[in-house]
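Input: a single structure, listed below in structure tokens.
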Amino acid sequence: MPRAFLGVVMAALLLSACYQVSSPVVETGMAVPGWRDGVYGRDDGTQVDIRWDGEQGGYVIGAGGVVRLARLNASLFVADYQAERRIVLLARMAENGDVVFLVPSAEAERHLTAQNHLSVRPGPIPRLDGSSASVRRYFQDLATQAELTEAARLRWLHS
């Protein structure tokens with residue numbers, strides 16, 4: 001059920017840590033070294049099963065959809081979630097196996113979207129308008145130029 005996971009993503013990311021986009025940002029994802037397939041949970045008790053699927057080049061979400069990850073630097077990834085909508089966000093894996101979602105400051109977002117010829121349309125999930133290449137550059141710039149803060153976390157619970 002894609003709607004179920006989309007609801008988890010929106011709530012977990014506080015709507016400001018993710019963007020809706022119209023075209024793929026990550027075509028073929030990578031398996032993250034050290035990733036543990038299994039059940040992850042949020043502070044509110046919601047749980048989601050996430051498992052690597054090499055044939056799909058991404059992590060299959062038990063509630064529906066696939067997340068493809070591309071490395072931005074040693075610790076950060078851009079995550080491209082596709083179900084009924086396409087959502088992109090910035091993530092890193094914590095040493096304890098948690099998945100941490102990150103968000104830039106509003107100032108960094110304004111500056112880097114303009115620098116990359118993107119626009120952000122407000123909505124329940126902000127829409128990032130521009131080419132896939134521009135979106136990838138935006139996330140690369142976030143990884144190298146912006147101070148990022150934790151917006152939410154998925155805690156690894158069990159296999």
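How many Å² of accessible area per residue for the chain, probe 1.4 Å?
Numbers: 7610 Å² over 159 residues.
For the chain, the per-residue accessible area is 48 Å².
What is the magnitude of the charge dipole of segment 18-57 about its Cα centre, with +1 placed on the Cβ of each Lys and Arg, -1 on the Cβ of each Asp and Glu, and no other charges, expressed in debye to the nearest 20? Could you put the intermediate results ahead of the total?
Working: 3 positive and 7 negative charges, 19 e Å.
Using Cβ point charges on Lys, Arg, Asp and Glu, segment 18-57 gives about 100 debye.
If I compute solvent accessible area with a 1.4 Å probe over the protein chains, what percent of it on segment 106-148 is carbon and sulfur?
Details: 1220 of 2400 Å².
About 51 percent, which is the carbon plus sulfur part of the accessible surface.
What net charge is computed for the residues neighbouring F77, neighbours being all others with C-beta under 11 Å from the C-beta of F77, Lys and Arg scored +1, Asp and Glu -1?
Values: positive: R68, R71, R92; negative: D80.
Around F77, the charge tally is +2.
Restricting to Cα pairs below 8 Å that are 6+ residues apart, what does the relative contact order work out to for the chain? Please round to a whole percent.
29 percent
Could you give the length gained by full extension between R127 and T46, i.e. 0.36 nm per residue of separation minus their alpha carbon distance, to one decimal place? Let's see the in-between values first.
On the way: separation 81, 0.36 × 81 = 29.16 nm, distance 2.54 nm.
Length gained between R127 and T46: 26.6 nm.
Counting only GluC sites (Glu not before Pro) that sit in a DSSP loop (anything but H, G, I, E, B) with at most 15 other Cβ atoms within 10 Å, what is the longest stretch of the chain containing none of them? Intermediate results must be reported in sequence, preceding the final value.
Details: sites that count: E27, E55, E84, E95, E147.
After excluding every exposed loop site, the longest remaining stretch is 96-146.
Which residues in segment 120-159 have a backbone N closer than 14 Å to a point placed 7 Å from the Cα of R110 along the Cα-to-Cβ line?
Answer for this model: 120.
When only the heavy atoms of the protein chains count and the probe is 1.4 Å, how do T46, T28 rank by accessible area, highest first?
Details: T46 45, T28 110 Å².
I get T28, T46, largest accessible area first.
Plugging the Kirkwood radius over Cα pairs into Stokes-Einstein for segment 119-159, at a temperature of 37 °C and a viscosity of 0.692 mPa s, what D comes out in µm²/s? Write down the numbers at each step before the final one.
Values: Rh = 12.8 Å.
Estimated via Stokes-Einstein, D reaches 256 µm²/s.
Spin-label point model (7 Å from Cα, Cβ direction): what's the N96 to L157 distance in nm?
About 1.6 nm, to one decimal.
Rounding to the nearest 20 debye, state how big the charge dipole of segment 89-157 is about its Cα centre with +1 on each Lys and Arg Cβ and -1 on each Asp and Glu Cβ.
On the way: 8 positive and 8 negative charges, 51 e Å.
I would put it at about 240 debye.
With springs only between Cα atoms under 10 Å apart, run a GNM on the chain and tell me which of P104, P33, P122 wobbles the most.
P33
The values are calculated or read from the model by the stated rules, or taken from the named source; none is laboratory data. On a predicted model such as this, the values are computed, not experimentally measured, just so you know. Reconstructed Cβ throughout: ideal geometry from the backbone, glycine too, with neighbour counts over all protein chains shown. Heavy atoms of the whole protein, side chains included, go into the accessibility calculation; ligands, DNA and RNA do not. Shrake-Rupley method; radii C 1.70, N 1.55, O 1.52, S 1.80 Å.
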